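Okay, structure first, notes after.
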Amino acid sequence: MEAPNGSSHATVSGQDRSAGPYVLRELIKDIPLGEHKDGTRSHITCVDTWNGNLYVGTSAGEVLHYVAIPPDPTDESGQASYIFATKLEPPFNTEQEGLDAGVKQILLLPVANKACILCNGTLTFYTLPELSPAFGGKIRQPSCLWIGGIDTTEQNHGGNAAYGTVVVICLRQRLRLIRIGDEARKIRDIELGGVSAIQRIQDLACVADGHDYSLLDVVNQRKNNLFPISSQATPEAPPSEPDRPPARAREPSRSFSSASPVRLGRAHERNTSLGAESSDNGHLRPGSSSPWPSRRSSRLIESAVPPGSREGSPEKPSPETVSARTSTEAAREPEAPVRPLPPNILSPTANEFLLTTGTKMNEPGVGMFVNLDGDVVRGTIEFSTYPQSLVLDGVQTAADSATESERQSSPGYVLALVQRKSGGKSVPAIEAQRWDVDASDARTGKQWLDVPLNHTEAGFEDQQRGVGLRTASDAVELAIPEIGSSLRLRRILLTSRMEVSSDSDLKREQEEDDFASSFAQASARVLLYYEDRISWVMRSALIVQLEQQLNASTQQLNDSAIAIEVPSVQRVVNSIRGQNAANELEFLTLTYVRQKTSLLLFGNLLLQTAQNLTCPERDKRFAEEALVAGEIDPRTILGLVPPLAEEVTAGEQGIWIAQGLQDTLNTLHRALRDAKIVPNVAGAYGDNLLPLLKRYLLAWRKKKGFGSIADETHVFRSVDAALTHVLLMLDQHSPRGPALPGTLRAELNEVVDRGVDCFDRAVQLFEEYHRLYMLSRLYQSRKMTGHVLATWRRIVEGEHDAGGELIEGEQDIRRYLTKLRDANLVEEYGTWLANRNPKLGVQVFADDSSRVKFQPQEAVSVLKRKAPGAVKDYLEHLVFGKNHVQYVNDLIAFYLDTVLTQLERSEEARQILLQSYETYRALKPPKPTYRQFITDNAVDADWWHNRLRLLQLIGGSHGAAQKYDVHTLGQRLAPHSDELVPEMIILNGREGKHEEALRLLTHGLGDFDTAIRYCLLGGSSIFHSAGASALAPETLLPTREEQARLFNILLHQFLRIEDATERLERTAELLERFGGWFDLEQALELIPLDWSVEQVSGFLVHALRRLVRDRNESIVVKALSSAQNLRRAVEYAEKTEVISPVVARTEVEAG
């Protein structure tokens, strides 16, 4: 004998050609079948297994016994092999023909340790497992049509060994209930003949007599007819068997009718006989039927039978009946014999029977459910052709109590042996469909498993002969290596070179094999026999079914190229959508299938991209949904995409995925190895892959912190690196500038700001893509302020930043520095900024809102050391911005150094100054002041602006009049007095040298308006800027006498002007405007005699008016004084009148 070690290659067919829920696993083949007397080869008629024993009945009247041998531990199938043990030829009285020929039934009774074998109409009993004759070989029952009727509730729960097993023997004239245990005891006979099939639930049985189905109460012996087996006209009863001598003589044996009296049953049993019962209309009678009583009365009527009762003889038909039958048969035309439909009775639940009805064997059949009251319940089940055999598989639960999860975890199937067309021929096939769900459910359609016959050219009748389904007495556990090979984890290689597996890898592989093998077992209880072999009809695991469908969706075009049928893969996805796992295997299965479908759908995008084809939006949506739902390790996906494969990292343990997924990965890698993917963002690569991967990786980022993710560190390091890379590729062609809301650049900013686990790799990527500003944001996410500033400095200094986000770099650096607490960084980059942009840089040291505050002395010291060019700006900020007058000397010294250095080094500078004086003097009045003139005509040079600030400060601006050393400053200016006339004027005024100051104003500059201002202000604040003309609070105006003295000096200077016309105009103007400050007599003495009165008429008129005004004021004053004196006199007189005179004698005497 040869034992198979794998699944058969029986084809599974259906409307969608998908893998079905059942497969064949060969149990044994090449069974040595004998021959009939006519030389034809016999065939298998029935089979059963129990406890490692296989019993095969043949049409030649033989029972072949095989014994199982444990499998080889190295055999992955884990299936036992069978060796031949014995061959048994059960005795019989008369050799039968047709369906009754040979061994018709082998009924195993494990509880009683007995076997019932029906061979050629004779029932014999044997012991298990060796099939030795039971009961001494003395009990034999001829004229038997069927044996069975074991209570299904008792059968499902194992029965009771001490109690035995009650079976029903279907004789030609009656039914006989017997109990098989240590001995065989008859319980009762029921006068109901011709029964060829029976199924019993406790005391209620469903029987078929060749024409109709009926319900039979085996206790009360009440019968309820249901419906016919065939929906055609009821055929005539088959003719009685002709008396003929037996073909083979066997040793005589005893039957239940000829055996010694059977012992009385238990107290609650009744051995009844119809002949012993009273005439009750509710009971069965020969040739009559009765109404079906309610179940509540099923045990109300019981009658005792004497222990010695035997089987009654069949009633002899009357002569009239025989004559009528003979005449009818003679008158009928001879017709071709039509094979009657075999009855099928099953009990799917504890309250229902499943019965089949139809017309012909090659026409469709119908299955109907009947409850214990005889009512048709549920819907019907349709079969392609009338079932030759019918069995149930799966846990049998009542439909009204089974939950959806129970139905999913242990679905109930009905398997029918039918005929179906295949390749233009009719071949036997197993039709599988669910009986426990609504037939309208699209997911529960029929599926077929063709029987792999070697001789398919045989006719219809020949094909039906020797093919059948049976439910075994003992279920077996069969290994399914496909489950282990799919689910066991294996390490994938990150590089193309083969790595040597370490001891730890080998150990883990063994652990994974052991774990996966714990699920690679399936229970099988249905046997299929055909030709000379027997196979298990085993439930195909869900993972095997879906794996076959997915493998079928991948077409191998050549050695490496493949094509993936997206609709086929999507059908698998839809088939498990929303399905919840009922156990651990289903959980692993659903997870595995979701991951494999995601690989295939994404692989389809890769294959299309390699051909530079844009995928339909539907395919991209399917792939994205599958990737998110599958939750496959994202590194496996990234490893397929260049250049993102470079971002994949793994720890020492590596990446472990299911073997089936690794096989799919390897297939995709081979297919993509020749079809190069060009990472062109503007092409199919950017359209098919990058947007999808961006959303997929963003979804994965949300899982950070989940404890269920293995190797979390390297997973999210790879995810962040790939996501950063994807966003950089997508953002390459975005416009330069800051990110706008809702743009790719905004997404990139958000990813970086939230932090990435791939810091070092992100730095490399930003450097490669010249995204310096993003690099600075990356540093900022880690609070690496020094690196942020260093990166910004690179951008400001001109290094290429592809994004162009940093627009006001220097301002951003200044603002950033005010927020830092690190004084060293603030000093370093503040001085750098001050060197680059002094006005902006000094704000870092002078900003009161800065977290690092510098004292002015400290800031000046730092700037002098590291940014000397910014010292001036800092001092200006202190003096002009904050009015810190204590730094006036420093600022004046700086300005003076700058100006003097420029004058000493540059002749051009000296000429500029001298030329400015000449140009100003040449201007005709009215003309601006010299300060306004040089401001409006400023030279674009630092030293010129510094000079303007110098004039502003030493002229008394910002309270600086009393803060600098005039004498020292004058000594430094003396060598350049000709070039620095305004400065000398101011210093002379500070030192009280008003005459020299006014001389320089009048003759050196020719700034007459400033000279007048000098006289009015006493020499202070004469060179203020236009915006700073207001006097400082501490500046005191000179007295009128001092002003008059200065105006007198100015008059002398005006009278010395070389140009006569200028001299006359300026003098006349001065006298006319400020004549009040001049003494008339002294002024007239100074005016040249050759000047006409008209030229100074304004002054004279004003002076005379002033004299008249003064004289009139004197008269008024005198009058007022006289009146005041008179008033005082009157007051005195009045007071003396009131007060009496007093004689001061003492005083006189004393005098």
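What follows draws every value from the coordinates through simple rules; no lab data is involved. What you are looking at is a predicted structure, and each value in this text was computed from that prediction instead of being measured. Don't worry about glycine lacking a Cβ; one is built from the backbone with ideal geometry, like all the others, and counts go over all protein chains shown.
For R1056 and A629 in the same chain, what is the full-extension length gain: residue separation times 0.36 nm, less their Cα-Cα distance, in nm?
Length difference between fully extended and current span is 143.3 nm.
Take the Cα of S849, step 7 Å toward its Cβ, do the same at V1142, and the gap between the two points is 8.0 nm. In vacuum, with every alpha carbon of the stretch 686-837 counted as one equal point scatterer, what does the Debye formula give for log10 I(q)/I(0) at q = 0.19, 0.20 Å⁻¹? Two decimals, please. For the stretch 686-837, the Cα-only Debye profile gives -1.15, -1.23.
Based on alpha-carbon centroids, what's the gap between the stretch 828-867 and the stretch 724-758 in Å, whole number please? After rounding, the separation between the Cα centres reads 34 Å. When the C-alpha to C-alpha distance is required to be over 21 Å, the pairs from K421/K446; K87/K186; K704/K819; K29/K360 that qualify are K87/K186; K704/K819; K29/K360. Applying 1/(1 + (r/R0)^6) with r as the Cβ-Cβ distance of L1107 and E1042 and R0 = 30 angstrom yields a FRET efficiency of 0.80.
Put a dot 7 Å past the Cα of H800, heading toward its Cβ, do the same for T968, and the two dots end up 5.5 nm apart. Label-to-label distance, T614 versus T380, with points set 7 angstrom from Cα along the beta-carbon direction: 5.5 nm.
When both the stretch 594-626 and the stretch 964-993 are represented by their alpha-carbon centers, they are found 87 Å apart.
Cut-off under 15 Å on the C-alpha distance; same-chain residues fewer than 8 positions from K620 excluded. Which aspartates and glutamates are left, in chain and number order? K620 reaches E565, D687. Relative contact order of the stretch 694-757: 36 percent, from C-alpha pairs under 8 Å at least 6 residues apart in sequence. For E477 and S410, the FRET efficiency from 1/(1 + (r/R0)^6), where r spans their Cβ atoms and R0 equals 22 Å, is about 0.90. The slack between A581 and R420, meaning 0.36 nm per residue of separation minus the straight C-alpha distance, is 54.5 nm.
In the stretch 619-661, the convex hull through the Cα atoms has an average projected area of 3.8 nm², a quarter of its surface area.
Place a +1 charge on the Cβ of each Lys and Arg in the stretch 737-807 and a -1 charge on the Cβ of each Asp and Glu, then give the dipole magnitude about the Cα centre in debye, rounded to the nearest 20. Each step should come with its number before you reach the end.
Working: 9 positive and 11 negative charges, 41 e Å.
Taking the Cα centre of the stretch 737-807 as origin, the dipole is about 200 debye.
If R0 is taken as 35 Å, the Cβ-Cβ distance between D822 and T935 corresponds to a FRET efficiency of 0.25. Check the straight Cα-Cα distances from K1118 and name the lysines below 29 Å, setting aside those fewer than 8 residues away within the same chain. Excluding near neighbours in sequence, the set is K1135. For the stretch 737-807, compute Rh as the Kirkwood radius over C-alpha pairs and then the Stokes-Einstein diffusion coefficient at 25 °C and 0.890 mPa s; write the answer in µm²/s, rounded to an integer. For the chosen part, D equals 203 µm²/s. The value for the stretch 144-225 of Rg(Cα) / (2.2 N^0.38 Å) is 1.03. Name the residues of the stretch 598-642 whose amide N is less than 19 Å from a point 7 angstrom out from the Cα of E750 along the C-beta direction? What the label zone holds, given the 19 Å backbone N cut-off, is 628. Counting 0.36 nm for each residue step from L494 to Q202 and taking away their Cα separation leaves a gain of 98.7 nm.
Which part of the stretch 984-1000 falls in the paramagnetic zone of Q1082, meaning amide N under 19 Å from the point 7 Å along Cα-to-beta-carbon? Under cut-off, by backbone N: 992-999.
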